[in-house]
Each structure stands twice: as structure tokens, then as C-alpha cells.
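What follows is one structure encoded as C-alpha cells, with my remarks underneath.
The values are calculated or read from the model by the stated rules, or taken from the named source; none is laboratory data. Keep in mind that this is a model prediction, so the values were computed, not measured. Positions of Cβ are generated from backbone atoms using ideal geometry, with glycine treated the same way; all protein chains shown enter the neighbour counts. Keep in mind that these areas ignore ligands, DNA and RNA; they rest on the heavy atoms of the full protein, side chains included. Shrake-Rupley method; radii C 1.70, N 1.55, O 1.52, S 1.80 Å.
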Amino acid sequence: MSEPFDLVVIGSGPGGYVATIRAAQLGMKTACVEKYPTLGGTCLNVGCIPSKALLDSSEHYALARHGFAAHGIRATVELDLATMMQRKAQVVKDLTRGIEGLFRKHKVTRVTGTGRIVSAGEVEVTAAEGAQRLQTHRILIATGSKPAALPEIAYDGRRIVHSTEALALPEVPKRLLVIGAGAIGLELGSVWMRLGAEVTVLEFMDRIVPGMDRKSGALLQRVLERQGTKFHLGTSAKAARREGDEVRVTVTGKDGEREERCDVLLVAVGRRPFTDGLGARQAGVAMDEKGRITVNERFETSVPGVFAIGDVIRGPMLAHKAEEEGIAAVEIMAGLPGHVAYECIPNVVYTWPELASVGLSEEEAAERGIAVAVGTFPFLANGRARAMGERDGQVTIVADAATDRLLGAHILGPRASDLIAEVVTAMELGASAEDVARSVHAHPTLPEAVKEAALAVAKRPIHI
């Protein structure tokens, strides 16, 4: 019998494959179990990466249709959806192959099949050719999440779809109805709206992007409405039925019950932890009322030697959160001081303009009884944004009123997903708004808007 593995990771999504590589770097004999033929999990295969590929392609298409003329460019534009989908698939293929190369580089054992925990020291992997058992000193659960469903609405894969299926529609729907105004619903709604669909979004809450900064969310809603997206807030879908090529959705809101009709219904009401068939409960792993695996500060479950990270445990279901937890978990296993600064995890909605956030909003600070000083700066006053033709959005910096320490930032604007990294780094280092305001920013650049918002905390912005 061969020597047992030091670590068997179940799941090769961002949390799983990053943890696997870090464990190998630390000298652990490591195996990664993945039931699908390609590595990368939901994020690389049917989530973050393909959706961003389509977002970029659809942004180019929309710019060619509506934005080129302002730059003195005259063009006739035709949509080739098949080629756009092929490009998306190639991006995914290149990145998943990249992970395969990294596994080979770090001498990771890749095991294809469905993993099931037999005990704290044994994982059974079942594949088409049979089953095998892996002996191991530790197990790391990184099985991620799956799209949540509404009990009264059944997916059919063509007219009533979840996020994975919405990435591969064979044609642009004339009418797309989206249930859920979170990141997934808004991003996929944006893709198909830019390509020509009439998009309507239903949201049960009284705001879009619940959980993010309310003011920034309201600004984003106005911009998306101007682009053509319609919103019905305080509204829920009770039922849906397909009649031929049409879906009829029973909707209830403050005005009572009514029927909405669409060609495609996208249900984007979040995700649920995926532990189906894992054998975790049977092995004694404790879970909470939402089906999430409970872990301690070491990411260890109720079963010694079994650990869990990512979407299957508490916290935001974000790829980068899972990555950091994976690294921290295996470093702790190796006796190192692994740590995740949860208050510094950014969140991004990849619409255009983008909405990025980190830390506390004004509302959250007030709920905690923290007095804050807030600075804002509009992209309308930023030279680079104006040169790009980007006039929408603003940067908001939230700082402790007593100490000036950065507590949060909320950016609605061009490339907000990139701009938020400066504030994340500053918060990780315990910086103040004054520290950001005094840092030299190249001119003319979008990050100058971050500097100006930091200056505005002390009521001394230069360009407004």
C-alpha cells in the first residue's frame, strides 16, 4: 500500500485548487478530487470567467452600436452570437488547462470522480471505471455551491433557466425576465440587454444589490434604467408556466397580483452550499440550519482532521474569499499563522459601470454605533473618466470620525473592480483616509477619484 496523502482536497474550484497548490508548495503530498472532466469548478467553467467573457464581448458590441460615433468612428455592426460563445468557451478552456499545468508543476495528484468522505482519514472516489479509496491524514472540503431554486418554479433548461444555462442561450431572447437583482441577475441581465433583449428585473427587497451600499445601489439602478433595464422592486414571483415559446409568470407586489410574459425566465436568487453525496453528515460533520458546514477559527469541522472552506461555510460566496480561506487553512495545517481579513474582502458587481465595495457602509457603521466621516467624489469631475466618455458614478470613502482610519469604500464607475484594490490594501495595512489622500496618484488616471474622495473626508477635495 502506498503512503497516505498529507491532504486530500475535494473540489477544484478557486478555493480547492488554490489550497491544493499552496499545500504542495508547503511540502505536503496532496491530491485533488474533482468529479467534472475539467478543473476550476463553477467559477472557471460556468460562473465568474464565462460571465466576464460575455460581459466584455457585449460591452464591445454595445460600444460599437452606441458609442463609436462620439469618437468619430462610423461603423455598421452585426452580432455573431455563435462566435461570441466560441470565444467565451476558448477563454474557459485556456484557463482550465492552465490549472492542469499548475498541478503538474507542483506534482499534485489529480483524481477524477465523485468524492465521498468515509472517515477522517479516507475518501472514496467513484468514477465510471469504478471506485478507489484514498488514505489521507487530512481532508479539505471545497465543494462550493450551486444555484438556488424557487420551490414553485421548475427549471426546464431552455425557457426557465438558472445562471449556468443563461450563459449559453442559443439566441438573444426578445424579452428576458430576471428574478433577483443581485450581482448574478444584474450581470447576466446586462449581457442580454446589450445584445438586444428587453430586460425586466424583479426584486423582493426594496432595493437592488441588497447588502451593498444603498446610495451606490440607487445610483446604479438609475444608470441601468437609462440603459434600458426595467426594475420592479418589492416584487416576487409566485409561479411560472411555459406555454409554447412563452413563459407566463405570476407576480405579486404592492399593487397586487399580475402576470408577466417573457421568452426566457432567469431565476437568480442566490446560491446554496453544495454537499450532496459528500457523506459529510454521515461522517459526523456538523452543519447549521442553512446547510453550511460549521468550522472553527482553524477551518476545522466538528470532525478532527476534516476541514472546510469557501461557499460551504459561512460568509459571502465569493471566489476570492474561498481562495484566501484555502491558503489560510493549509498554512495553519503546516503550523503557519494563516489568517483571512474578512472585513477587507471586496465585493463587485460587473455591470457597466461597475459597482465595487469593501468594508462598512454608512448604514452599517450607524448600526454599530460608529461615528463616521464620509467623502465622495464624482467621476464627472475626473479628467481621465471624462476623456473616456464615462460620466456616471462616484467614489465614496467611509472613515472613522475619531481616528480617520478607513472603514470602507464604495465605488460606482468605470473599472471599479480594479480601483477597489487600492482601498483594500490600505485597509489591510490599517491606513487612514489621510494616508490615501497624501499618496501620489498619476495624472490623469481613474484612481485620482479615490484620492479625491479621501481628501473629501476632510472636506478638502481639489476638483469639486
Counting only protein heavy atoms, what percent of the accessible surface of the range 103-188 is carbon or sulfur at a 1.4 Å probe?
-> 51 percent
Under DSSP H, which helices of the chain have Cα atoms covering 24 Å or more of the helix axis and a Kyte-Doolittle average no less than -1.0?
-> 48-66, 81-105
Can you give the Rg and Dmax of the range 307-367 based on its C-alpha atoms, in angstrom?
-> 14.1, 43
For the range 200-306, give the percent of accessible area contributed by carbon and sulfur heavy atoms, probe 1.4 Å, rounded to a whole number.
-> 47 percent
What whole-number value in cubic angstrom gives the convex hull volume per residue for the C-alpha atoms of the range 392-444?
-> 82 Å³
Sort Val312, Val424 by accessible area with a 1.4 Å probe, largest first.
-> Val424, Val312
Rounded to 0.05, the calculated FRET efficiency for the beta carbons of Leu380 and Glu259 at R₀ = 35 Å is 0.30
Where the eigenvalues come from the Cα gyration tensor of the chain, what are the semi-axes √(5λ) of the equivalent ellipsoid, largest first, in whole Å?
-> 37, 30, 22
What is the pair-distance distribution P(r) of the range 165-294, computed from all Cα-Cα distances in 5 Å bins starting at 0, with each bin given as a whole percent?
-> 2, 10, 18, 18, 17, 12, 10, 7, 5, 2, 0
Enumerate the aspartates and glutamates that Lys35 could reach by cross-link, defined here as Cα to Cα under 15 Å, with residues fewer than 8 away along the same chain left out.
-> Glu100, Glu124, Glu129, Asp276
Quick calc of log₁₀ I(q)/I(0), the range 1-157, Debye, one scatterer on every Cα, no solvent, q values 0.09 1/Å, result -0.43
Setting aside same-chain residues fewer than 8 positions from Lys238, which lysines have a Cα under 27 Å from its Cα?
-> Lys146, Lys174, Lys230, Lys254, Lys290
How high is the FRET efficiency between Ala168 and Met205 when r is their beta carbon distance and R₀ equals 35 Å, given to the nearest 0.05?
-> 0.75
Mind jotting down the three principal axis lengths of the range 10-93 based on Cα atoms? Whole angstrom, largest first.
-> 59, 24, 14
Estimated [θ] at 222 nm from DSSP helical runs (n ≥ 4, -39500 (n - 2.57)) normalised by residues in the chain, nearest 500 = -10000 deg cm²/dmol
Here Rg/Rh (Cα, Kirkwood) for the range 321-464 equals 1.02
For the range 136-236, what number results from the quotient of the Cα radius of gyration and 2.2 N^0.38 Å?
-> 1.25
Can you give the extra length, in nm with one decimal, that the chain gains between Ile370 and Ala218 once fully stretched, where that is 0.36 nm per residue apart less the Cα-Cα distance?
-> 52.4 nm
